[in-house]
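Heads up, the thing below is written out as structure tokens.
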Amino acid sequence: MVSIFFRRLFGARLQDISQERQKMNQELLRIVENIARDKNIDKESIFVDLEEAMVSAARKHFNEPESDIVVRIDRTSGQIVAFKDKVQIDIQQLGRIPAQTAKQVIIQKLRADERSSIFAEFAQRKGEIISGSVVRYESGTLIVNLDRWTEGFMPKNEQIMGQNHRVGERVR
């Protein structure tokens, strides 16, 4: 009777843990999808950034900067698998400080990806006339909001002489 109780108790917990991990994996996939859509970043580069961040967190946890740690995220299921010297490790057991390291690395890499995405978008539009709204003047240079993430500037020598702009005005 007692053994049946423990089997049910621990069996249920293992099943709950498995279901919880599946939920977390699906949540990870949703987060990646949202970031890719909101920041106009390729999903594959987000997955690579996450894997690299988890590798750096694991290296910090094991205090072995040169160790052979590999992290793979399944792109369809969201399952995370990590190996240290070809032995599987549980990435969820790394702790708070490595998790903070992973968070900082992810933020840094996503910002870099976002910058390159914005640069690539505007590099394609080189030579085009684009419009935006005036945000402010800085030493005669006109600062223009081009979209919700990007500001452009127009030096005084590229502005039409005698033309004055007000904050909020649309310019081309």
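Looking at Ala53, Ala99, Ala57, which is the one that is in contact with a Leu (Cβ under 6 Å, 6 or more places away or on another chain) and either of a type in the set (A, V, I, L, M, F, W, C) or under 30 Å from Lys156 (Cβ atoms) (or both)? Before the answer, list the steps.
Details: Ala53 fails: in contact with a Leu (Cβ under 6 Å, 6 or more places away or on another chain); Ala99 fails: in contact with a Leu (Cβ under 6 Å, 6 or more places away or on another chain).
Exactly one of Ala53, Ala99, Ala57 is in contact with a Leu (Cβ under 6 Å, 6 or more places away or on another chain) and either of a type in the set (A, V, I, L, M, F, W, C) or under 30 Å from Lys156 (Cβ atoms) (or both), namely Ala57.
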**OP:** Please find, within the stretch 23-69, the residue that is surrounded by the most Cβ atoms within 10 Å (Cβ to Cβ) out of those that are of a type in the set (S, T, N, Q) and without any contact (Cβ under 8 Å) to a residue 12 or more places away in the chain.
**Re:** Asn34
Original post:
Among Ala120, Ala112, which is hydrophobic (A, V, I, L, M, F, W, C), assigned by TED's automatic domain parsing to the domain that holds Ala58 and over 30 Å from Ile91 (Cα atoms)?
Top reply: Ala120
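Which of the residues that make up the stretch 80-100 are over 18 Å from Pro65 (Cβ atoms) and either without any contact (Cβ under 8 Å) to a residue 12 or more places away in the chain or exposed (fewer than 14 other Cβ atoms within 10 Å of the Cβ) (or both)?
Let us first name the residues in the stretch 80-100 that are over 18 Å from Pro65 (Cβ atoms), namely 80-81, 86-88, 90, 92-93, 96.
Once the filter is applied, which keeps residues that are over 18 Å from Pro65 (Cβ atoms) and either without any contact (Cβ under 8 Å) to a residue 12 or more places away in the chain or exposed (fewer than 14 other Cβ atoms within 10 Å of the Cβ) (or both), the stretch 80-100 yields Val81, Lys86, Val87, Gln88, Asp90, Gln92, Gln93, Arg96.
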**OP:** Can you tell me which residue within the stretch 1-41, out of those that are among the small types (Gly, Ala, Ser) and at pLDDT below 70, is nearest to Asp147 (Cα to Cα)?
**Re:** Ala12
Original post:
Taking the stretch 135-172 on its own, how many of its residues are surrounded by 11 or more Cβ atoms within 10 Å (Cβ to Cβ) and assigned to a helix (DSSP H, G or I)?
Top reply: 1
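The values are calculated or read from the model by the stated rules, or taken from the named source; none is laboratory data. As the structure is a computational prediction, the values presented were derived from the model and not from experiment. For neighbour counting, all protein chains shown are included, and Cβ atoms are generated from backbone atoms with ideal geometry for every residue, glycine included.
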